[in-house]
Amino acid sequence: MGAFLEQWVNDELYTLMGCSDRTAVQFILALARKSTNAENLLERLRNTDTMDDTPAVRKFTNELMARIPHAAARIEKVIKPSEAELRAKEIMRLNRGLKTIESDDEEDVSYKKPKEVKKAKNKLLVKESASDEMDRIKAEEEQDLRERDELAARIRQRDKERTRNIITKSEKKAEEEAAKRLKLETKDRSEIVSQLREESRKQYLSKRKDDKLDELEKIVEDDEHFFANERLTKREKLDMKYRKDILEYARQHERAADFLKIKRYHVPDAKVKSVPVDSLEDADEIPKGDGKRWEDDRLAAAIAKYGAKDKKRDVFEMVLDDEKIDFIKAFQMPGTSDLEEKTFSVAEKKKITLAETRKSLPVYAYRDEFIRAVHDHQVLIIEGETGSGKTTQLPQYLYEAGFCVNKMKVGCTQPRRVAAMSVATRVAEEMGVKLGIEVGYSIRFEDCTSERTVVKYMTDGMLLREFLNEPDLASYSVIIIDEAHERTLHTDVLFGLVKDIARFRKDLKLLISSATLDVEKFSTFFDDAPILRIPGRRFPVDIYYTKAPEADYIDAAMVSILQIHLTQPLPGDILVFLTGQDEIETLMESILERTKYFGKKIKELIVLPIYANLPSDLQAKIFEPTPPNARKVVLATNIAETSVTIDGICYVIDPGFSKQNSFDARSGVEHLHVVTISKAAANQRAGRAGRTGPGKCFRLYTAWAYKNELEDQPIPEIQRTNLGNVVLMLKSLGIHDLVHFDYLDPPPQETLVIALEQLYALGALNHRGELTKLGRRMAEFPCDPCMSKMIIASEKYGCSEEIITIAGMLSCNAAVFYRPKALVIHADAARKGFWVSGGDHLTLLNVYNRWRDTNYSSQWCMENFVQYRTMKKARDVRDQLEGLLERVEIDQVSSNDSIAIRKTITAGYFYNCAKLDSSGHYKTVKHKHTVHIHPNSCLFEETPRWMIYFELVFTSKEFMREVIEIESSWLTEVAPHYYRAKELEDSTNRKMPKQTGKAAIELSSL
């Protein structure tokens, strides 16, 4: 009966919601068994925010209550006698059992009634035990809710105390530093001071020498410029000659020192300093030692040389003949600026002040109109093209208009981390303040703000997290949601939250900024809010398509770059859109490999990357002016579409692809796919070429593909991704009706149900859909729910120190190891030296611990082929997680027990479980999805039966990244509610049935 009922519920759920799962079926059956009637069941389903009150749902609840064997009603009909009567009947039955049985009828009576009594008694015991179990569960849930509320109150209280004592925080830190200094012995302090004095003196002398030489060089130049044709006295001529000779001797001394460094062994500095490109001397001008000259001679002898007839075969043929890409000019995208309008070159921009630069932006002409509109309206929709200055200037206008008095803040959200950091840096420079004081930014795992910050740039996810501690955003006077057209997951959720707060707080100003033409949709959503349109400065852009489709867009992009560089005049930089870091690094390597054959026959080509994981100092290089007689090539992800504006771009190369997250609700797997962009995104990319003058956009696809294969608008992220993190956040904010939440575009109910199921399985929600204490603690971590559960589970297994280290390494989203082509064997050997039995998580822990033991040395990273930037980021993430452990009241405990660490990881990622089947392939336990171990894993050559993986990556196959080996019994230990014993049976360990052997005579007869 149970199997048929489960199948019926499963079919009905598919009919009602389009999806079903065994966990959901069992959950609904449990609700039905606890309900007294169909109305009660319908009310329980509505409270879970998964079903609406519709006729189809009512029919389903009525039929389910009719089908299910309802224990309570059946017991009431059977159990009529009192407990005393049942005991009396039981005694009578025992007495009759001692008598002689006289007839069959008497035998039937004496055996029939005790069975009925026993059945009734068992049902009575079942009722009592069920009632006790329900009372126990209810008491536990009430206790959990009380502890959850108490935890939230303690967190808020600690935040208030920290805010109140923020002035004395620096004093406490100073006292701690002073106490540490006092612990040093007198002898050590004297040695350190003397050593520091000596180093400081050396640095001072070196710097003073350079300053004096610069000063003397300028004096000699002035002498030659002003007094070359003048009549001078003999003394003046001697003085001029003396200064000139001194300068020449000093230069000769420096050249001799350089020569000695080459001829002899020179101890390098402890810190390797970056050398500007323009300061490097030509290799031919530097004197070489004997060893270097011998190497050059051997290399020259090994290179084949051809005759004169082949000498003039120019290397340009490599691009322009065999690999040339034919483009067709389709149309010209009209501009919005007059071609006669005054524009500033890079050299002129360096001469004008920041104030003049601000006044040159298109948004400056609308400054007064913007301030009046903000004063007159609570909600304002702003349409402004990228480059109009709305992101950098509007918060400054609000600051200057007095919206930051009484320590109130202006908050501006950005969809990407790079944009938040770069824009905050620019605004701080324009306001003449230090970054992190009056102007700051806040991104995941990095907070560059202080108590004095009044203009704050942040990612949309960080503003969403601020709702936890400040649900009414009382410290903000203005909230600007920038780049709203990108429709990220967190931005769409923010729309509903800030719309509700704007109704509650009439003093809060809400600005929605978009760079596309669909602002009417935003206006309608925010109760017909007024629209302020700010035109940008855009010049005409010629659009080119390829004649035929390109098979390899990476190679086509490289050829297009060289075509533009060799055929188009300078100045004019190139912007190339790629899908991610891997493609950017591949294209960089290809360009450098090709251009080295050109030598000095072509102008310099400077290749610069920009992507999310790139350090901020390297990101800033794309904004630096291009040197004369050179061309800059910026290789960017879709961050350069709208979030970042780069001056000097005249040529855009658009392959037509980007990376996009998509969630498969059927298999429960989240993929990062390379997909075609939308027409709106293609037009945004083309517009980047018309910022400083007329430009050209080269699309590496055909005009037919643009018209027929590209969608008009991108699909909002909320409709294609896993909503687990957002649902947890909304539940933490007290928003329980997720179905009727005010979405701009509602997500599919299927993904909402799966998110609720996942959080219920992780223990973040109880069976009524309420947030548990565990769920409230999970919401404090800026991680996905699985990682948050893993961190909290470390408290039980006593390994929190190791788990936050592993979490920091996993959160970097970048490769820890690198493999230079010239040193592949050495790099692989170094990588294998870190491998630890048990899995990749333990290997990452081993890498971090060994790096920490070297005092976080960059030299150690270089020697072991480890990415230093990745390790620094992992350390920063770990430090923030360490602070959050204290916030959620988890003690920091260390353990070297490998089993405890792996059990903790399993407690968070038991969803991501795969086992080896009889065919030799790994399949996920729940969905039977075929997956493979990634070749970079330390378990790639092994075949453990059971594995937990961190994520799935889809390339040529479905690969499991960062895997560990587990035992099947751990799954029932950490998730007994999710896995059945039958699912965890190991078929390889089953014994074959015993068979009876045959005698020799029997075999011979056969």
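Could you work out the local net charge near ASP492, counting Lys and Arg as +1, Asp and Glu as -1, over the other residues with Cβ closer than 11 Å to its Cβ? Please report the intermediate quantities before stating the final value.
Values: positive: ARG487; negative: ASP460, GLU486, GLU717, ASP742, ASP745.
Surrounding charge for ASP492 is -4.
In sequence order, what are the phi-derived ³J(HN,Hα) couplings for the stretch 794-805 according to the Karplus relation 6.51 cos²θ - 1.76 cosθ + 1.60 with θ = phi - 60°, rounded to whole Hz, with x for glycine and proline?
Karplus values, whole Hz, x for Gly and Pro: 5, 5, 5, 9, x, 9, 5, 4, 5, 5, 5, 5.
Going through the stretch 405-439, which trypsin sites (Lys or Arg not before Pro) have at most 14 other Cβ atoms within 10 Å and a DSSP loop state? Mind showing how you got there, number by number?
On the way: sites: LYS407, LYS409, ARG416, ARG417, ARG426, LYS434; in loops: ARG416, LYS434.
Filter output for the stretch 405-439: LYS434.
How large is log10 I(q)/I(0) at q = 0.11 Å⁻¹ when the Debye formula is applied to the Cα atoms of the stretch 541-719, each weighted equally and without solvent?
So the normalised log intensities are -0.47.
Report the full-extension gain for the segment LEU592 to TYR856: residue separation times 0.36 nm, less the Cα-Cα distance, to one decimal in nm.
On the way: separation 264, 0.36 × 264 = 95.04 nm, distance 3.13 nm.
Taking 0.36 nm per residue and subtracting the Cα distance, the gain is 91.9 nm.
Just to check I understand the Karplus step: with θ = phi - 60° and J = 6.51 cos²θ - 1.76 cosθ + 1.60, what whole-Hz values come out for the stretch 544-559, glycine and proline as x?
10, 10, 6, 5, 9, x, 9, 6, 10, 6, 5, 5, 5, 5, 5, 5
Before anything else, pin down the relative contact order of the stretch 352-534: Cα pairs under 8 Å, at least 6 apart, normalised by residue count, whole percent. Display every interim value, and only then the final one.
Working: 311 pairs, mean separation 56.3, N = 183.
Worked out over the stretch 352-534, it gives 31 percent.
Using +1 on the beta carbon of Lys and Arg, -1 on that of Asp and Glu, and nothing else charged, what's the dipole of the stretch 541-719 about the Cα centre, debye to 20? Present the calculation step by step, with values, prior to reporting the outcome.
Working: 18 positive and 22 negative charges, 155 e Å.
Result for the stretch 541-719 is approximately 740 debye, rounded to the nearest 20.
When DSSP beta bridges are limited to those with both residues in the stretch 647-762, what percentage is antiparallel, rounded to the nearest 5?
Values: 8 of 12 bridges.
Around 65 percent of the beta bridges assigned by DSSP in the stretch 647-762 are antiparallel ones.
How high is the FRET efficiency between ILE606 and ASN708 when r is their beta carbon distance and R₀ equals 60 Å, given to the nearest 0.05? All intermediate terms of the calculation are to be shown ahead of the outcome.
On the way: r = 37 Å, r/R0 = 0.62.
My answer for the efficiency is 0.95.
Tabulate in residue order the Karplus-calculated ³J(HN,Hα) for the stretch 920-927, using 6.51 cos²θ - 1.76 cosθ + 1.60 with θ = phi - 60°, rounded to whole Hz; enter x for Gly and Pro.
These are the phi-based 3J(HN,Hα) values: x, 10, 8, 9, 5, 5, 7, 9 Hz.
Taking the Cβ of ARG902 as the centre, find all other residues whose Cβ is under 10 Å away and add up their charges (Lys, Arg: +1; Asp, Glu: -1).
-2
Given 0.36 nm per residue, what is the gain on full extension from ALA829 to ALA365 after removing their alpha carbon distance, in nm? Could the numbers behind the result be given before it?
Numbers: separation 464, 0.36 × 464 = 167.04 nm, distance 6.17 nm.
Result for the pair: 160.9 nm of gain on full extension.
Non-local amide H neighbours of LYS409 (under 5 Å, H modeled in plane, Pro and chain starts lacking H): which ones?
For LYS409, the qualifying residues are TYR476, SER477, VAL478.
Here, each number is a calculation from the coordinates, and none is a lab measurement. Worth saying up front: this structure is predicted, and the values here are computed from it rather than measured. Backbone-built Cβ (ideal geometry, glycine too); neighbour counts: all protein chains shown.
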